[in-house]
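Every read-out reported here was derived from the displayed coordinates using simple, explicitly stated rules and does not represent laboratory data. In this text the structure is predicted, and so the values were computed from the model without any measurement. We place every Cβ from the backbone using ideal geometry, glycine too, and count neighbours over all the protein chains shown.
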Amino acid sequence: MDYSYTGDAHRRLVESYEADESPFPTCDSPGFPRRDHLRDEIVLLKKLVFPRCWNAGSLAADEEATRAAVTDLGSICCSGISPYVTDELSHTSGNPDAIVDAVLDRLPEIREAVKKDVEAAYKGDPAAKSYLEVVRSYPGVHAALVYRFAHVLYEEGSPEYARELSEYAKTETGIDIHPGAEIGEYFFVDHGTGVVIGESATVGDWVRLYQNVTLGALHFEEQEGEEHMLKKGYKRHPDIGSHVVIGAGTNVLGPISVGDHVSIGANSWITEDIPDHTKVIVAEHPKQVRKHQE
């Protein structure tokens with residue numbers, strides 16, 4: 001499919017690259033070893049968001065090269081969206097070019113959001129040594145990058161293609177974030193494997209999740225008059241406030257509310273509202289029995 005980007009995101013991206021300061025990488029010519037990926041749009045997205053981290057430092061000072069990369073990304077996205085436009089059950093409607101134009105125009109906004117996620121990861125992990133390490137190595141940052149882009153696709157009218165990209169991120173990271181979820185600034189998933197965030201979940205600013213956390217549904221409603229069909233499009237996932245930490249193995253289930261400045265300990269089961277400034281822990285862990293082996 002022929003697609004030509006005519007907006008000004010490339011100019012605003014180059015301005016954003018030029019404004020980068022340490023601790024974000026500022027060298028335009030590092031040479032990292034090649035990585036192969038199944039989805040070319042994610043490769044391009046990573047280069048456009050952090051060109052100096054993905055062997056694309058030339059973009060940082062070249063508006064035309066950046067425009068070409070943006071156009072390439074748009075062409076792939078148009079091809080990905082188009083099949084859904086003709087599917088009779090699809091929720092994607094309208095001109096793929098118009099959807100992609102709207103999404104690409106928001107690339108500088110996406111970049112700024114992901115930079116904040118990198119900052120949250122660096123500050124939130126005692127093991128983090130540099131922003132460069134966080135960008136290249138942290139699955140939570142990779143998942144957040146794809147989520148931020150997919151969420152814009154979801155908002156602009158392409159929910160199915162957005163879900164494709166989210167599923168790809170899950171195969172790479174083990175982190176399943178539905179593109180319909182609403183996630184605030186400075187979001188960090190540490191380790192990440194087994195994390196699930198449902199479609200109608202909302203998450204505030206400066207939220208940190210650990211592995212095997214689920215922000216999910218407690219139960220499902222059936223669609224009236226349709227046998228074996230679950231109801232769609234209703235609120236079934238939790239709302240998480242700002243400055244919240246949720247420990248490993250915790251399940252937060254149902255359309256409940258978790259307030260601001262809340263800390264939830266590992267392996268908790270949360271199905272009721274939690275007020276602001278609350279710490280939740282499992283009061284009695286199972287007792288261990290240790291026996292000497294001959």
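Look through region 181-221, keep the residues that are among the small types (Gly, Ala, Ser) and closer than 22 Å to Thr271 by Cβ, and return whichever of them is surrounded by the fewest Cβ atoms within 10 Å (Cβ to Cβ).
Gly194
Given the conditions (1) loosely packed, with under 13 Cβ neighbours inside 10 Å; (2) part of a helix (DSSP H, G or I); (3) among the hydroxyl-bearing types (Ser, Thr, Tyr), report the number of the one that Ser22 does not fulfil.
Single failed check for Ser22: (2).
May I ask you to list the residues in region 156-179 that are hydrophobic (A, V, I, L, M, F, W, C) and either assigned to a loop (DSSP other than H, G, I, E, B) or under 19 Å from Ala102 (Cα atoms) (or both)?
Step one: of region 156-179, the residues hydrophobic (A, V, I, L, M, F, W, C) are 162, 165, 169, 175, 177.
Hits for region 156-179 are Ala162, Leu165, Ile175.
For region 157-176, does any single residue satisfy the condition of being among the aromatic types (Phe, Trp, Tyr), touching a residue at least 12 places away in the same chain (Cβ under 8 Å), surrounded by fewer than 23 Cβ atoms within 10 Å (Cβ to Cβ) and more than 22 Å from Cys77 (Cβ to Cβ)?
So in region 157-176, the residues among the aromatic types (Phe, Trp, Tyr) come out as 161, 168.
Still in the running and touching a residue at least 12 places away in the same chain (Cβ under 8 Å): 161, 168.
Filter once more, keeping what is surrounded by fewer than 23 Cβ atoms within 10 Å (Cβ to Cβ): 168.
Subset that is more than 22 Å from Cys77 (Cβ to Cβ): none.
No: zero hits.
Here are some conditions: (1) within 21 Å of Ala19 (Cβ to Cβ); (2) surrounded by fewer than 18 Cβ atoms within 10 Å (Cβ to Cβ). Ala68 meets all but one. Which one does it not meet?
(1)
Would it be correct to say that Glu63 is of a type outside the set (A, V, I, L, M) and in contact with a His (Cβ under 7 Å, 6 or more places away or on another chain)? Show your work before the answer.
On the way: of a type outside the set (A, V, I, L, M): yes; in contact with a His (Cβ under 7 Å, 6 or more places away or on another chain): yes.
In short, yes.
Quick one: how many residues across region 258-294 are polar (S, T, N, Q), exposed (fewer than 14 other Cβ atoms within 10 Å of the Cβ) and closer than 21 Å to Ala217 by Cα?
Total meeting the criteria: 1.
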